[in-house]
Amino acid sequence: MGELPSVLKAKDISQFLNVSIRFAYEIMEHTDFPTIRIGRSKRVMKQDFLNWIDKQKKVG
């Protein structure tokens, strides 16, 4: 995958993590995930996502 966009969709997350889009949406529902809701759409800022990934490495 190339450069991540500054605002990520579930599709971007699923490709980055190599998981299904459905699972990406499940991740976006976690209370510790920095989801931005715009109407029914869910997004996450690139840096917030990368910070969240970094925290997961430390927890697991």
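The values are calculated or read from the model by the stated rules, or taken from the named source; none is laboratory data. In this text the structure is predicted, and so the values were computed from the model without any measurement. Neighbour counts are summed over all protein chains in view; Cβ atoms, including those assigned to glycine, are modelled from backbone coordinates with ideal geometry. The area values use the complete protein model at the heavy-atom level, side chains included, leaving out ligands, DNA and RNA. Shrake-Rupley method; radii C 1.70, N 1.55, O 1.52, S 1.80 Å.
Listing for the model above:
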| item | result |
| --- | --- |
| Some residue of segment 3-25 being at pLDDT below 95, open to solvent by 60 Å² or more (accessible area, probe 1.4 Å) and not in a strand (DSSP E or B) | yes |
| Test: residue in segment 27-43 that is open to solvent by less than 50 Å² (accessible area, probe 1.4 Å), among the basic types (Lys, Arg) and either in contact (Cβ under 8 Å) with a residue 60 or more places away in the chain or in contact with a helix residue (DSSP H, G or I) (Cβ under 9 Å, 6 or more places away or on another chain) (or both) | yes |
| Qualifying residue in segment 7-25 (condition: touching a residue at least 40 places away in the same chain (Cβ under 8 Å) and within 10 Å of the chain's Cα centre (by Cα)) | yes |
| Matching residues in segment 31-51 - criterion: being among the hydroxyl-bearing types (Ser, Thr, Tyr), farther than 17 Å from Leu4 by Cα and outside any strand (DSSP E or B) | Thr31 |
